[in-house]
Amino acid sequence: MLDRLYSVTLALVAELAVTRARLDTVERLLARRSVVGAEEIEAYRPADAEEVEARSRLHSEYLERVFREFTPATRGDTPR
């Protein structure tokens, strides 16, 4: 079980590191071009159901990647 928790932790760290780097890049490019500032990013809310669904889908895919180690089909056994 400890090995699985370690795998999940590494997956989270990797996902977060990539996400933070990409987010920093996007925010800097947008600010540099005076397209969107940090205040607008912080205040953003999805405009419609399609945007909410897209975010929900991204969230679900992320959780699947992170918790893959706990999925019986991936491990080949049943959870304990």
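The values are calculated or read from the model by the stated rules, or taken from the named source; none is laboratory data. Keep in mind it's a predicted model, so treat the numbers as computed, not measured. As a convention, Cβ positions derive from the backbone with ideal geometry for all residues, glycine included, and neighbour counts pool all protein chains shown.
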(Q) Go through region 1-25 and report how many residues are of a type in the set (A, V, I, L, M), exposed (fewer than 12 other Cβ atoms within 10 Å of the Cβ) and part of a helix (DSSP H, G or I). (A) 8
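Return the residue satisfying two criteria in turn: it lies in region 36-68 and is among the aliphatic types (A, V, I, L, M) and surrounded by 10 or more Cβ atoms within 10 Å (Cβ to Cβ), and of such residues it is farthest from Leu5 (Cα to Cα).
Just the residues of region 36-68 that are among the aliphatic types (A, V, I, L, M), to begin with: 36, 38, 41, 43, 47, 49, 52, 54, 58, 63, 66.
Cutting the leftovers down to surrounded by 10 or more Cβ atoms within 10 Å (Cβ to Cβ) gives us 36, 38, 41, 52, 54, 58, 63, 66.
Values: Val36: 38, Ala38: 35, Ile41: 33, Val52: 30, Ala54: 28, Leu58: 22, Leu63: 14, Val66: 10 Å.
By that ranking, first place goes to Val36.
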Q | Answer residue from region 43-70, given it is in a helix (DSSP H, G or I) and modelled with pLDDT under 90 and is nearest to the chain's Cα centre (by Cα) among those | A | Tyr62
Q) So which residues in region 5-37 are acidic (Asp, Glu) and within 14 Å of Tyr62 (Cα to Cα)? A) Glu15
